[in-house]
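Data block below; observations after.
Each value in this text was obtained by applying a stated rule to the coordinates, not by laboratory testing. These numbers were taken from a predicted model, which means no experiment stands behind them. A quick note on method: Cβ atoms are made from the backbone with ideal geometry, for glycine too, and the neighbour counts reach across all protein chains shown.
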Amino acid sequence: MAYTEIMTGPDAWAPYDTYTQVTHALCNSHLLRELQAVADLAPDGEPWCWATQVADALRELKGLVEAANEANLPQVDAALAAEQTRLLRSAARLGVRQNKARSTKIMATHHALARRILDRHDDYLRFSTDFRVPFDNNAAEREIRMVKLRQKVSGCARTLTGARQFTAIRSYLATAAKHGITFFHALVQLAEGRAWLPTT
């Protein structure tokens with residue numbers, strides 16, 4: 001299957017990069033959790049942590065995007081976005097320097113995180129330049145949650161046909177929900193032979 005659009009991955013797992021024909025974006029909710037883990041390990045009484053500054057800049061950029069969307073603007077304020085991007089990158093550079101020795105496993109992890117933020121900052125910040133891109137990929141994870149829950153309860157799908165039917169129904173209901181149709185009404189219409197179909 002060939003993907004030619006934007007793919008928002010949950011993290012920077014290397015196999016995602018084999019999809020060379022897509023434009024990549026990375027999930028910022030995952031990044032915020034990683035940054036919080038770094039901040040939690042900062043020495044007591046330390047007034048500043050590079051990871052906190054990166055997280056604050058991300059949240060500020062998210063706020064700028066939300067404000068632009070509410071005002072029906074095609075893009076965020078360029079000067080404000082540039083300032084937050086500068087703060088993010090400068091903090092990540094400090095993170096690289098602080099953990100350059102990589103003398104412990106924690107330092108190596110923090111160094112890799114800061115390095116990744118610098119190397120992939122366009123992918124992390126794509127949501128701020130292309131409003132089609134979400135801040136995170138939580139919606140995608142919610143859609144597959146029921147599949148994993150069914151697997152947890154039943155152990156597996158007994159047949160390939162059953163698995164296909166289950167995923168078709170879940171996909172149909174998820175699409176209906178995005179158009180304001182409740183699961184109950186979608187299923188009733190389907191059972192009555194009046195299947196709801198999206199207009200676009």
*Ranking of Cys49, Cys156, Cys27 by count of other Cβ atoms within 10 Å, fewest first*: Cys156, Cys49, Cys27
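Which order results if His110, His30 are arranged by neighbouring Cβ count within 10 Å, fewest first?
Ordered by Cβ neighbours within 10 Å, fewest first: His30, His110.
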*If we sort 125-138, 178-191 on the protection proxy, mean other Cβ atoms within 10 Å, highest first, what's the order?*
125-138, 178-191
_Only counting other Cβ atoms within 10 Å, I'd like Tyr16, Tyr124 sorted with the fewest neighbours first._
Tyr16, Tyr124
*the chain: angle of helix 50-70 to the longest principal axis, Cα-based, in degrees nearest 10*: 50 degrees
_Please compute the modelled spin-label separation between Glu66 and Thr109, points set 7 Å along Cα→Cβ, answer in nm with one decimal._
2.9 nm
